[in-house]
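The values are calculated or read from the model by the stated rules, or taken from the named source; none is laboratory data. Remember, predicted model here, so these are calculated numbers, not experimental data. Every residue, glycine as well, gets a Cβ built from its backbone with ideal geometry; the counts of neighbours run over all protein chains shown. With ligands, DNA and RNA removed, areas are computed over all heavy atoms of the protein, side chains included. Shrake-Rupley method; radii C 1.70, N 1.55, O 1.52, S 1.80 Å.
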Amino acid sequence: MDYNKEEVTYIKSTLLLERFTLKNIRKRLLSVTVTALTAFSLMAAPVSASGWHHNDSHHGSSASSSTWSYHHEDGRKACSEWVCDGNKWYWFDQNGCMCTGWQEIDSCWYYLNASGEMATGWKQIGNSWYYLQSSGKMKTGWLELDGEWYYFDGSGKMVTGKQTIGGKTYTFDSSGALTDSSSGSSGSSGNQTSTAPAGEKQVVFWGKTGTKYHIDPHCRSFKGTAANSGTLSQAKAAGREDWCGICSKSWTDEKLLQQGNPNVK
């Protein structure tokens, strides 16, 4: 069939219009599909508000974990980490569940109350007394507090009565405080009780900043002379938690109790 020029032009225009229309329809369909998929993914993705969340179950968590979890502002769940909320510290296990009771974290023991809050200070658990330092770490060994000396065994329990510690015998009253008994060099005789040396030599030193106390008032970490001195109890009340690793490597609370500070004349 032969077409004149006008007919050919009309046919080409019609075909071009159909192709343009089909192309636009495909674009629109693609745009609608992308929009729908995006909306679906946003609806499907779990977006958690920051703060506390109560969960119905906690698979894989220990019996000392609760059903509470905590989400940071970016929506990330707190897992295997400490969280400070309202000046109180909480620990969350690897599944993101808040823990309670005794927890061993980085080789140190902590006690978390039923509310999850990290315990500090004196804590009675069952028939035993424990002392949790300001960092929350369970105390073992000697502790001087408010001018009294206490001793906590390897499990953290405060001892009472007659105890042999480091080859010497000590007597503690029912409150756990070391009694002011006559001194002796060893518990092996069975008749003598060793007590602390003269109180004026049970002195440590600490600086204006830091978390350590020192046996040497001229420790190089001071860059001069110590700004403060006092008993272990006073040092700890000032926020100092442990012995200096430079001048006091071989020193312990027990050693200070037994020998006093050789730098105090």
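Worth pointing out:
- Relative packing of peptides 89-100, 238-249, 124-135, 140-151 - highest average C-beta neighbours within 10 Å first: 89-100, 140-151, 238-249, 124-135
- Fraction of accessible area attributable to carbon and sulfur, region 108-177 (%, probe 1.4 Å): 43
- Measuring between alpha carbons in the structure, the pairs from K223/K249; K88/K236; K88/K223; K168/K236; K208/K255; K139/K249 lying more than 30 angstrom apart are K88/K223.
- Projected label distance in nm at H53 and K88, using a 7 Å step from Cα toward the beta-carbon: 2.1
- Packing rank of 202-212, 73-83, where each peptide gets the mean count of other beta carbons within 10 Å, highest leading: 202-212, 73-83
- Per residue, the Cα convex hull of region 75-126 amounts to 93 Å³.
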